[in-house]
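To keep things clear, I will list the structure first and then write my remarks on it.
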Amino acid sequence: MIDPTRVKPIVLQVSQSDLFEHVLNDPVLGSSIYVNIALAGLTLLLFASLARGVTDPRSQLIIVAAMAVSAVSLASYTGLASGLTISIIELPEGHALAGETTELAHSGEEVEGTISLWGRYLTWAFSTPFILLALGLIAGSNLTKIFTAIVFDVGIMVTGLAAALTTSSYLLRWFWYGISCTFFLVVVYILLVEWPEDAKAAGTSDIFDTLKLLTVVLWFGYTIWWGLGNEGLALISDPGLTSWGYSAFDVVAKYVFSLLVIRYTLNNVETVSGGTDYGATADVVPADD
Ligand code: RET
């Protein structure tokens, strides 16, 4: 006979506090989030102190773009840590984790469904445009190409969010993924074909080629990781490990990237500069203090 005291209760509803407590009590999942909150905060302070003396408006714009990546990241990971941008979702039939339950780390209760850190994809729609803005400015590219890269980039993230949250059909999850990858190819084309030409003309090829390589390799990494992780084929089925993969990519794609951008800008203000009236909206040159 089944001993009723040993059967774990299945709860149907989880609250935001449950998800907050779950993250807090799951060391792998929790650390993948908390480490990034700390890094985002520290890099923000570091970048602000490094950039204190910069007065050239175009250099400032590049630095602000790089700093905005850390600022969005701080908000993004805080959303995940608080349980605000996490849900338990029931994956559709056909998915390797369909019918799975999740044991809540703080209470031991079982919930039907698996955990989705969907806030990641949402906030990438706000952080990655700043990465592309910094890259496009360093390459000396024009507004049309920067705008195109950013529009398709936001498209990648929003359709990626849709892929993660679609629970009605397994096929449709991959259909969204396919749309997202198609948008990604547009961004890859700009990064590998358009901007290197612009960077050559701007005399910034050295740094641009390094940043381009770092970005393309890591961005493919995110794309493949989604396919392998708990939301895709679930070859890596643990949400904590899947989350750590993204967190590790983030360290290089955001913080190392921004550090390289800011260091280059600080050391090459003359190359990067567009003059003191860059971006001015009137004929009067604004004061820089
Ligand atoms: C998803 C899944 C759907 C297909 C593709 C993806 C690509 C994501 C990328 C993310 C980059 C994130 C960065 C974050 C830094 O803040 C959404 C995983 C193509 C490229 C750089």
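Key figures for this structure:
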quantity: Filter result (crowded, with 22+ Cβ neighbours inside 10 Å, of a type outside the set (Gly, Ala, Ser) and out of contact with any Leu (no Cβ under 8 Å at 6 or more places or on another chain)) within segment 134-156; calculated: ILE156
quantity: LEU235 vs. criteria more than 8 Å from the ligand (Cβ to nearest atom) and part of a loop (DSSP other than H, G, I, E, B); calculated: yes
quantity: Qualifying positions in segment 191-232 - within 14 Å of the ligand (Cβ to nearest atom) and not in a helix (DSSP H, G or I); calculated: GLY229, ASN230, GLU231, GLY232
quantity: In segment 228-238, residue farthest from TYR177 (Cα to Cα) [restricted to those that are touching a Ser or Thr at 6+ places or on another chain (Cβ under 7 Å) and of a type outside the set (D, E, K, R)]; calculated: ILE236
quantity: Spans of helices (runs of 4 or more DSSP H) in segment 1-94 with at least 1 residues touching a residue at least 60 places away in the same chain (Cβ under 8 Å) and charged (D, E, K, R); calculated: 16-25, 57-81
quantity: Failed condition for LEU137, given (1) farther than 18 Å from SER273 by Cα; (2) assigned to a helix (DSSP H, G or I); calculated: (1)
quantity: Selection status of TRP244, within 16 Å of the ligand (Cβ to nearest atom) and either of a type in the set (Lys, Arg) or more than 22 Å from LEU44 (Cα to Cα) (or both); calculated: no
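To keep it simple, each residue is scored yes or no on (1) more than 12 Å from the ligand (Cβ to nearest atom); (2) closer than 30 Å to LYS212 by Cα.
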{"site": "LEU91", "(1), (2)": "yes, no"}
{"site": "GLY99", "(1), (2)": "yes, no"}
{"site": "HIS106", "(1), (2)": "yes, no"}
{"site": "GLU109", "(1), (2)": "yes, no"}
{"site": "LEU117", "(1), (2)": "no, yes"}
{"site": "PHE126", "(1), (2)": "no, yes"}
{"site": "ILE131", "(1), (2)": "no, yes"}
{"site": "GLY136", "(1), (2)": "yes, yes"}
{"site": "PHE147", "(1), (2)": "yes, yes"}
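Any read-out appearing in this document is the output of simple, stated calculations on the displayed coordinates, not a laboratory observation. Not measured: the values here are computed from a predicted model. Cβ coordinates were reconstructed from backbone atoms using ideal geometry, including for glycine residues, and neighbour counts include every protein chain displayed.
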